[in-house]
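First up is the structure itself, then whatever we jot down about it.
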Amino acid sequence: EAQVTQNPRYLITVTGKKLTVTCSQNMNHEYMSWYRQDPGLGLRQIYYSMNVEVTDKGDVPEGYKVSRKEKRNFPLILESPSPNQTSLYFCASRFGAGEAYEQYFGPGTRLTVT
Amino acid sequence: SQKIEQNSEALNIQEGKTATLTCNYTNYSPAYLQWYRQDPGRGPVFLLLIRENEKEKRKERLKVTFDTTLKQSLFHITASQPADSATYLCAPPGNTGKLIFGQGTTLQVKP
């Protein structure tokens, strides 16, 4: 089954404790990205990757890091989480860099930073 | 600046009726627009893409229109069912080419 998986699905952590949210897709997609979704603000892109070893900032990259060492995986790293990073996070992938391609989203990771 | 607007108020309709959701955009003209469905606590799921030269697109009970003069896309669900209850997001590309997601309209279909 074609899918994007994320782990963990739920995470409660404390300020400053480094964490990683994993993302994996089994569709051989070149393009992957991370979004956060907040009430009243909608989905906002954090980082994206057009291919292995190619990453770039989205609209809200501050406080986040990503890496793309393998085509299927695109982890999101919060080096020093802060309460304003409490949010619902989605990983997404699509076939190519063209924005018209449909995006496949993961199930989401609900992060709470206290 | 470019802006995407969806009705923030929930839309409540009776089962069997047609639901119509609106997506308005201002200050630019996207070449296409995508629609997604999102269930509570889950990731969005792609439904349809419509291009500016298509005017109308259908998929089963779904119909999307794209009016470049009014700068508006309408999303219709005919013969609605309680299972259609969800939040629907429109997503046109912005001036940079990247998708901009609207905040979504929540549809509630009552039996």
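Every read-out reported here was derived from the displayed coordinates using simple, explicitly stated rules and does not represent laboratory data. Computed from a predicted structure; not experimentally measured. Note that each Cβ is placed from the backbone with ideal geometry, even for glycine, and that neighbours are counted across all protein chains shown.
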Cβ pairs under 7 Å, 6+ apart, first in the stretch B:52-76 and more than 20 Å from B:GLY104 (Cα to Cα), second charged (D, E, K, R) and part of a strand (DSSP E or B):
B:GLU56/B:LYS63
Only one of B:SER29, B:SER73, B:SER1 is surrounded by 18 or more Cβ atoms within 10 Å (Cβ to Cβ) and small (Gly, Ala, Ser); which?
B:SER73
If you go through the stretch A:25-43 one residue at a time, do you hit one that is on the phi < 0 side of the Ramachandran plot, free of Cβ contacts under 8 Å to residues at least 24 places away in the same chain, touching a Ser or Thr at 6+ places or on another chain (Cβ under 7 Å) and away from chain B (no Cβ under 13 Å)?
no
I'm trying to understand the selection: among the residues of the stretch B:92-111, which are in contact (Cβ under 8 Å) with a residue 60 or more places away in the chain and within 13 Å of another protein chain (Cβ to nearest Cβ)?
B:PRO92, B:PRO93, B:GLY94, B:ASN95, B:LEU99, B:ILE100, B:PHE101, B:GLY102, B:GLN103, B:GLY104, B:THR105, B:THR106
How many residues of the stretch A:56-111 are polar (S, T, N, Q), away from chain B (no Cβ under 14 Å) and farther than 19 Å from A:ASN26 by Cα? The answer is 5
